[in-house]
Protein chains: 2
Amino acid sequence: MSSLFKVNPWKIIEDSFQPDKMRIAESIMSAGNGAMGLRGNFEEDYSGDSHRGTYIGGIWYPDKTRVGWWKNGYPEYFGKVINATKLIGLHVYVNGVLLDAAKMPVKHYYREMDMFRGVLTRHMVYSLPFGDVKIVSERFVSMYSKQLLAIRYTVTPCFDAEVKIEAYLDGCVHNEDSNYDELFWEQIYSDTDDDVMLVINKTKENPFGTPRFTVASSASVDTNLDIVSKYSEEGFASYTYSKQISANESACLDKIVCVLTDRDMPEIELKQQSKITLKSFIDLGYERLLSEHEKAWQNKWNMADIQIEGDPSAQQGIRFNLFQLLSTYTGEDDRLNIGPKGYTGEKYGGATYWDTEAFCFPVYLAISGEKVAKNLLKYRHNQLPQAYENAKKLGLSGALYPMVTFNGIECHNEWEITFMELHRNGAIAHAIFNYTTYTSDFSFLKNEGLEVLLGIARFWASRVHWCENKKVYMIHGVTGPNEYENNVNNNWYTNRIAAWCLNFFCQALALAGEERRKELKIDHDEIKHFNDIVDNMYYPVDEELGIFVQHDTFLDKELNNV
Amino acid sequence: MSSLFKVNPWKIIEDSFQPDKMRIAESIMSAGNGAMGLRGNFEEDYSGDSHRGTYIGGIWYPDKTRVGWWKNGYPEYFGKVINATKLIGLHVYVNGVLLDAAKMPVKHYYREMDMFRGVLTRHMVYSLPFGDVKIVSERFVSMYSKQLLAIRYTVTPCFDAEVKIEAYLDGCVHNEDSNYDELFWEQIYSDTDDDVMLVINKTKENPFGTPRFTVASSASVDTNLDIVSKYSEEGFASYTYSKQISANESACLDKIVCVLTDRDMPEIELKQQSKITLKSFIDLGYERLLSEHEKAWQNKWNMADIQIEGDPSAQQGIRFNLFQLLSTYTGEDDRLNIGPKGYTGEKYGGATYWDTEAFCFPVYLAISGEKVAKNLLKYRHNQLPQAYENAKKLGLSGALYPMVTFNGIECHNEWEITFMELHRNGAIAHAIFNYTTYTSDFSFLKNEGLEVLLGIARFWASRVHWCENKKVYMIHGVTGPNEYENNVNNNWYTNRIAAWCLNFFCQALALAGEERRKELKIDHDEIKHFNDIVDNMYYPVDEELGIFVQHDTFLDKELNNV
């Protein structure tokens, strides 16, 4: 971890204000609960360079593909979990001056993410013409209730002052990475009735036939200030509070936020349910909500923690990794998957990559347990029809899982990756293997698993070719998992995982039995052909050196002494 | 040639109005004189699907690169000869109705490009509520004076009518293919003084340090109609004429257009010189300008024509090819080169490709002669410093000529082409060989040519690697000239042209003599090394089949019976 952050076994700590590193710090200080997450932005205004980001699991938009040169077979859109309504916003005025760290000196700065509790805390002292103003902010994205986010915020001027705070929800949000500078949201409804601010927006219509999503964000405030006004306009709702307070007294404000989507209920119920759910949070109160959240995190850590003794920085590092993984995916919703950058920003679009099975799956199996891991497998089984479609688009049989997806349809657009990084398909099969051997639960393998494995096996059998020259099966034109050399022939890993998949399928089918074979309409010739590929797959080797060769002609490269 | 056009030995003929094929027809009916060119657009309005295009040689703009995924080493911009001021425009009203073939029936349609004379003629009958209106248009981009374009236009209603024609120049033009929907032009000046309409515009400032260009377009009208008004605004100037004429009488109008740029004179002189040059055209008059143009084309055909007997369609085809080549490049200006699509549209951006040397150079040598061909060679010699820069950007020595360029700097952005299609460098050397052997003029070879060949030889010597395994020199990671398989090893053609270049350089150096060697500071070790590469270059072969192999492992492919 860079020197921007202090080493601590359980906390990520920043103790100086470095505007030029704001974006990095915001990413590292991000928090999530599997269902939603947000970057470590300030609640109050900040007009310096910053990326304000809120993301809601499964709320995505198909951004029309933009490339320099179109290649046949490129997908029409790149799916993105889109930047959603700003939930945390507070405009804070002291004696009429808007707090903004880009426009006034910052005398003291301390921010920490307590990974054990999942709580982000910030202490800052702003220097105003009238004297110093201290703010303390504490917030969490609740691990207890996936719809909940809560903030406790205090402002303490060292002088007699009028403190005014406008707490708002702002749904007019734009993705920085939009391919055509398009807005992805349509504003549906906003109001400030019943002590609640409410903003409902909906992803825009799209020409690709992917579903639209509606999100209702609501919030309520508890404060020792007096209410001044409330305001709503298209995509925006706010409550404003104010009071004259004496020097060193504090203005305190709790903002409780609730986010519901039509992924979990009919769109028409969102408005009413927002108010009901928010009320249930308010009834519990900030303190109770926080302690339930902390308990939930403690339960996670009881199962997940890894202790490294004698290396505090490694200890912090491994816990940061686990914290991010646990914040990104909780496994309660089998329609979700693991965005490569979690809820930390727009890069990689929050989509599903093969990294799920290749890297994350074994971890979740160990730290989150069988049920969570099984949901990741179910996700791919649910998308098996689309995987068949992906293969068909490349003129092949069987099922090809996508490089990048939300709905199972490939949406990545670099030919050397989309069309060539085929090893991704092996990772899906290997995750089924990992699950089965780790849990000894054979039922998934024999049922859904076998269907996935069959699709994958048929893909490989369709993708290999018979090399009459050498009397072996080969796979030409791939990019191996190092992603560096494109369009190579017989990448050792790819050939090996292909044969492994074919073999694993045959084994699993034998285990599942004759009846299942008939059910899946697999004839003996096909099994024989699969086994023939397994037995006669070509692997580049160098007999003299006694080593595997990465791919054909690899050893013809220039040798550089290192 | 598709059935849209009739077969004729000297003409391209369209005899039916097919709005859905308008863009194709406009491209095929384009005309140019090496210095400028335009698509076969109608002079009068046409609101249907069409691409109005005017292009001026050497007037280009660096359009900021837009790609889906950035790769290290991509150039900052893609240069484009940009769509320029609309020169031919006439708004034609008959009894107040604007002629527009998208909005009224067309009763008769005939268009021909007479390639022998370089004249585009069009006959059309528009059906109006009042009766039929016949128009005849004849125009040419002058081969006699490169600044001249002339139109003769007549309107003949079959009823008594008021005919009104607004003849205009419109500089507010937008490139269809702009990467960021940017405008590339800034409007500088327009007026309608002295019976001349004048529009001066200038390419916009750019952040890449490439030069800006200023273009002055002027026009004057000779007509049997009465002048009604003149009008100018930013980027636009027009004269309007009108008259009440009897049924079957004709309204006639000649529009003489002059285009000057600051590539040929100081910017400050453009305004005055426009009027002087235009006046000299007007003094000669349309008939004389046409006959001089026809003479110039006849001279070209005297040297260039190829006759194919017994196959009228092949005869038309070869003349179309020659006509387009002669219209695109005349070799009078060694700062210009051959845009792959000539002056027919925006595709390929009018830039210089290796196609110049690989495909066009031998043709020009034969049909346009030694001086024209030599200017193509000089163009590359002028850009030798930039070729060294291109190689350096890839971490290599010597000179790498670009895939696409205006100023010698690479501006193409597909890694599999830009970084890998290295055989382009060989074509530059081979053109010098072609020139020398065809003309027996050795002076270019010994002087400028040798410098180019040295840069190219050093590039190849830096790009090959020694394969310790097989004790040969190899070239890994290229895309061969078929452009299909990317990142292959030891493409036979690439390896061969590399060795050929090294050998040709050594031969040319021997011919140039010892003094020249010292002058160029080439030591004997370097020549020895070049020869060593020539002698030990690896070429994939199949001994058993006795054939060259396209690249490593090519014969491991699946064999499909055809």
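The values are calculated or read from the model by the stated rules, or taken from the named source; none is laboratory data. Fair warning: this is a prediction, and the values are worked out from it, not measured in the lab. Please note: Cβ atoms are built from the backbone with ideal geometry, for glycine as well, and neighbour counts cover all protein chains shown. Remember, those area values only see protein heavy atoms, side chains included, never the ligands or the DNA or RNA. Shrake-Rupley method; radii C 1.70, N 1.55, O 1.52, S 1.80 Å.
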Requested in this report: Tell me, yes or no, whether region A:384-392 has at least one residue that is out of contact with any helix residue (DSSP H, G or I) (no Cβ under 9 Å at 6 or more places or on another chain) and assigned to a loop (DSSP other than H, G, I, E, B).
Outcome: no
Query - Which numbered condition A:Ala427 fails, given (1) touching a helix residue (DSSP H, G or I) at 6+ places or on another chain (Cβ under 9 Å); (2) within 24 Å of A:Phe213 (Cβ to Cβ) - result: (2)
Requested in this report: Determine which single condition A:Trp466 fails, assuming it passes every other condition in (1) assigned to a helix (DSSP H, G or I); (2) within 12 Å of chain B (Cβ to nearest Cβ).
Outcome: (1)
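Inside region A:380-404, can you point out the residues that are open to solvent by 40 Å² or more (accessible area, probe 1.4 Å) and of a type in the set (D, E, K, R)? I'd like the intermediate steps shown before the answer.
So in region A:380-404, the residues open to solvent by 40 Å² or more (accessible area, probe 1.4 Å) come out as A:381-382, A:385-386, A:388-389, A:392-395, A:397.
The answer is A:Glu389, A:Lys392, A:Lys393.
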**Report entry** Failed condition for B:Thr356, given (1) open to solvent by less than 50 Å² (accessible area, probe 1.4 Å); (2) in a loop (DSSP other than H, G, I, E, B)
**Finding:** (2)
Report task. Within region B:421-458, track down each residue that is of a type in the set (Asp, Glu) and in a helix (DSSP H, G or I). Result -> B:Glu448, B:Glu451
Report task. Only residues that are touching a helix residue (DSSP H, G or I) at 6+ places or on another chain (Cβ under 9 Å) and not aliphatic (A, V, I, L, M): list them for region A:197-212, please. Result -> A:Lys202
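Just checking: which of the strands (runs of 3 or more DSSP E) contained wholly in region A:58-131 hold 1 or more residues that are in contact with a helix residue (DSSP H, G or I) (Cβ under 9 Å, 6 or more places away or on another chain), buried (at least 16 other Cβ atoms within 10 Å of the Cβ) and modelled with pLDDT of 95 or more?
So the answer is A:60-64, A:77-81, A:106-114, A:119-128.
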Query raised in the report: When the residues of region A:224-242 are filtered to those that are farther than 21 Å from A:Ser274 by Cα, free of Cβ contacts under 8 Å to residues at least 60 places away in the same chain and not acidic (Asp, Glu), which remaining residue is surrounded by the most Cβ atoms within 10 Å (Cβ to Cβ)?
Result: A:Asn224
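Yes/no per residue for (1) more than 30 Å from B:Lys378 (Cβ to Cβ); (2) under 18 Å from the mean Cα position of the chain (by Cα):
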{"site": "B:Tyr286", "(1), (2)": "yes, no"}
{"site": "B:Glu292", "(1), (2)": "no, no"}
{"site": "B:Lys295", "(1), (2)": "no, no"}
{"site": "B:Trp301", "(1), (2)": "no, no"}
{"site": "B:Ser313", "(1), (2)": "yes, no"}
{"site": "B:Phe320", "(1), (2)": "no, yes"}
{"site": "B:Tyr329", "(1), (2)": "no, yes"}
**Report entry** A:Leu376 vs. criteria crowded, with 23+ Cβ neighbours inside 10 Å and under 25 Å from A:Trp492 (Cβ atoms)
**Finding:** no
Query - Matching option when the condition is of a type in the set (Gly, Ala, Ser) and touching a strand residue (DSSP E or B) at 6+ places or on another chain (Cβ under 9 Å), among A:Gly350, A:Gly310, A:Gly317 - result: A:Gly350
Report summary line: The lone condition B:Val67 fails out of (1) β-branched (Val, Ile, Thr); (2) more than 14 Å from chain A (Cβ to nearest Cβ); (3) in contact (Cβ under 8 Å) with a residue 40 or more places away in the chain is (2)
Query - The one condition in (1) open to solvent by 20 Å² or more (accessible area, probe 1.4 Å); (2) more than 16 Å from the chain's Cα centre (by Cα) that A:Asn407 fails to fulfil - result: (2)
Query raised in the report: When only residues in region B:414-447 that are among the small types (Gly, Ala, Ser) and surrounded by fewer than 17 Cβ atoms within 10 Å (Cβ to Cβ) count, which is farthest from the other protein chains (Cβ to nearest Cβ)?
Result: B:Ser440
Requested in this report: Residue by residue through region A:208-222, note down the ones that are under 21 Å from the mean Cα position of the chain (by Cα) and either small (Gly, Ala, Ser) or open to solvent by 40 Å² or more (accessible area, probe 1.4 Å) (or both).
Outcome: A:Pro211, A:Arg212, A:Ala216, A:Ser217
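Here is a yes/no grid of residues against (1) more than 22 Å from A:Asp170 (Cα to Cα); (2) out of contact with any Phe, Trp or Tyr (no Cβ under 8 Å at 6 or more places or on another chain); (3) within 14 Å of chain B (Cβ to nearest Cβ):
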{"site": "A:Glu26", "(1), (2), (3)": "no, yes, no"}
{"site": "A:Ser30", "(1), (2), (3)": "no, no, no"}
{"site": "A:Gly37", "(1), (2), (3)": "no, no, no"}
{"site": "A:Tyr74", "(1), (2), (3)": "yes, no, yes"}
Query raised in the report: Just wondering, is there one or more residues in region A:514-529 that are open to solvent by 20 Å² or more (accessible area, probe 1.4 Å) and under 30 Å from B:Tyr473 (Cα atoms)?
Result: no
